[in-house]
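Okay, structure first, notes after.
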Amino acid sequence: VFAGVLATSWPTGREHALRRACTAGALATLVPGAGDCAPSAEAIDEATLQG
């Protein structure tokens with residue numbers, strides 16, 4: 001999850017991409033299992049704005 005979000009967010013800037021990737025990785029730990037643990041873009045945006 002971290003690497004995917006980092007790669008897709010990289011064109012928006014390094015700091016923004018790292019913040020989104022870290023947030024996505026953290027949110028992924030809240031879902032049991034590895035199949036559907038990737039958070040939506042909306043969930044990442046919401047969590048990033050709260051921090």
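No lab work stands behind these numbers, since they all come straight from the coordinates. Since the model is a prediction, treat every value here as computed from it, not as a measurement. We place every Cβ from the backbone using ideal geometry, glycine too, and count neighbours over all the protein chains shown.
So what is the calculated 222 nm ellipticity per residue for the chain, using -39500 (n - 2.57) for each DSSP H run with n of 4 or more, over all residues, to the nearest 500 deg cm²/dmol?
Result for the chain: -19500 deg cm²/dmol, rounded to the nearest 500.
Given +1 on the Cβ of Lys and Arg, -1 on the Cβ of Asp and Glu, and no further charges, what dipole in debye does the chain carry about its Cα centre, rounded to the nearest 20? If you can, show how the numbers build up before the last one.
Numbers: 3 positive and 5 negative charges, 43 e Å.
That gives a dipole near 200 debye.
For the chain, build the charge dipole from Cβ charges (+1 Lys, Arg; -1 Asp, Glu) around the Cα centre, then report which of Gly25, Trp10, Ala38 sits farthest towards its positive end.
Checking the options against the dipole of the chain, the answer is Trp10.
Can you tell me, using C-alpha contacts under 8 Å and at least 6 residues apart, the relative contact order of the chain as a whole percent?
Over the chain, the number comes to 32 percent.
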